[in-house]
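The values are calculated or read from the model by the stated rules, or taken from the named source; none is laboratory data. This one's a predicted model, so the numbers in the text were calculated from it and none came from an experiment. Glycine gets a Cβ as well: all are built from the backbone with ideal geometry, and neighbour counts include every protein chain shown.
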2 protein chains.
Amino acid sequence: MKNRIITISREFGSGGRTIGKEVAAQLNIPCYDKELIAKMAKESGFAESYVRQQEDAVSSGYLATAFTNRALGETNQDYLWKIQCRVIQNLAEQGPCVIVGRCADYILRDRADCLTAFIHADNGFRAKRIVRVYGERPESPEQRIREKDKRRAAYHQFYTDMKWGYAKNYQICLDSGQLGIQRCVEILKSLY
Amino acid sequence: MKNRIITISREFGSGGRTIGKEVAAQLNIPCYDKELIAKMAKESGFAESYVRQQEDAVSSGYLATAFTNRALGETNQDYLWKIQCRVIQNLAEQGPCVIVGRCADYILRDRADCLTAFIHADNGFRAKRIVRVYGERPESPEQRIREKDKRRAAYHQFYTDMKWGYAKNYQICLDSGQLGIQRCVEILKSLY
């Protein structure tokens, strides 16, 4: 099987995005991450900030309300999910690429040319990293990690019905804290 | 971090044992798998066949009874678990090696020189493999896989309190069905 597309799911702060960008740069193929938001905004007519909110950078009442209120039919989030599927499938059609996040592993599950990766790391590594690299405030980063994890897992499970973080969902899972970001880049590159 | 020891947890039929043996052969270090049984039998005084039974090649009433009957104190299985811990820790002290199965990842969790790997594959790949490679009878191999999975997960969870198959338990998880056994060998070797 020739891998034309690499999808990267990642825990917040694990460096999955950095790994994706570096793999794509070294393979000289595009990496889609924040670009997906812009494309989804364009297709949906919603503002980019609103689209971004729908995955995990959300207000604290999110978990309680996000997956309810469907008695009246499709929510904005469901509508955006369909657009997200279409945007990601179109990108995969266009040519080799790396796609970070947004359940791309699930959306492209029927393609044989996809390498699906999951990047994780322990909470200490991630807490240090979000302060140092993302410039997040240094107060209780562990708590923000827990919240992000919870939201990402809930979003993923709702739309894919797959258990978040379960090894069998992916062809390869890597601990970026133990192995190091560069080593993760090398391994993924070698599998392309 | 220099990896002196590689532990391989694996789903039944995924080729994890083959991968471990091949990695060890190419690195010219010992691989402990069935040898662990002989060492545990020697230390415990139990027959090898009895020791083998305690992990997963067990009779069908096993799951219902294995983890009960502790009102009267330590079971034979608990006693063997302690010996298993000692045997594996001693082997790790003696020098570089590959250890397949037997919760070695958990038993050696406090060592910094351990690379912990989990090998999995989809049921179709494993079903074909246990018939072809292990010479198992060709009738309903999927069912035997499900039973083995269940027992291995229960044993692992009971003694380690870790969710079986969860990516965060391991530094690297590989899908041997999708990536191929040789590719898995190369990746693990490159991390040593």
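Brief remarks on what is shown
- With respect to the conditions (1) of a type in the set (Gly, Ala, Ser); (2) in contact with a Lys or Arg (Cβ under 8 Å, 6 or more places away or on another chain); (3) surrounded by fewer than 21 Cβ atoms within 10 Å (Cβ to Cβ); (4) within 17 Å of B:Glu22 (Cα to Cα), B:Gly180 falls short on a single one, namely (2).
Listed here are the residues, each with its yes/no results for (1) buried (at least 17 other Cβ atoms within 10 Å of the Cβ); (2) within 24 Å of B:Leu179 (Cβ to Cβ).
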| site | (1), (2) |
| --- | --- |
| A:Ile5 | yes, yes |
| A:Ile8 | yes, yes |
| A:Gly15 | yes, yes |
| A:Thr18 | yes, yes |
| A:Glu22 | yes, yes |
| A:Ala25 | no, yes |
| A:Glu35 | no, no |
| A:Lys39 | yes, no |
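- Where helices (runs of 4 or more DSSP H) fall wholly inside segment A:88-183, the ranges with 1 or more residues that are more than 14 Å from chain B (Cβ to nearest Cβ) and closer than 27 Å to B:Leu191 by Cβ are A:104-107, A:123-132.
- Count of segment A:1-35 residues which are part of a strand (DSSP E or B) and among the aromatic types (Phe, Trp, Tyr): 1
- Filter pass, A:Ile88 being within 30 Å of A:Thr75 (Cβ to Cβ) and touching a strand residue (DSSP E or B) at 6+ places or on another chain (Cβ under 9 Å): yes
- Scanning segment B:12-58 for residues that are among the aliphatic types (A, V, I, L, M) and closer than 26 Å to A:Lys168 by Cβ yields a count of 6.
- Looking across segment B:139-167 at every residue that is hydroxyl-bearing (Ser, Thr, Tyr) and under 14 Å from B:Ser9 (Cα atoms), the one that is surrounded by the most Cβ atoms within 10 Å (Cβ to Cβ) is identified as B:Tyr155.
- Enumeration of residues in segment B:68-87 that are outside any loop (DSSP other than H, G, I, E, B) and polar (S, T, N, Q): B:Asn76, B:Gln77, B:Gln84
Yes or no, residue by residue, for (1) modelled with pLDDT under 90; (2) of a type in the set (Ser, Thr, Tyr):
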| residue | (1), (2) |
| --- | --- |
| B:Arg4 | no, no |
| B:Lys21 | no, no |
| B:Gln26 | no, no |
| B:Cys31 | no, no |
| B:Glu35 | yes, no |
| B:Glu43 | yes, no |
| B:Thr68 | yes, yes |
| B:Asp78 | yes, no |
| B:Leu91 | no, no |
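- Some residue of segment A:105-121 being touching an Asp or Glu at 6+ places or on another chain (Cβ under 8 Å) and either farther than 26 Å from A:Arg4 by Cβ or modelled with pLDDT under 90 (or both): yes
- Selection within segment A:111-166 - acidic (Asp, Glu) and either on the phi < 0 side of the Ramachandran plot or in contact (Cβ under 8 Å) with a residue 40 or more places away in the chain (or both): A:Asp113, A:Asp122, A:Glu136, A:Glu139, A:Glu142, A:Glu147, A:Asp149
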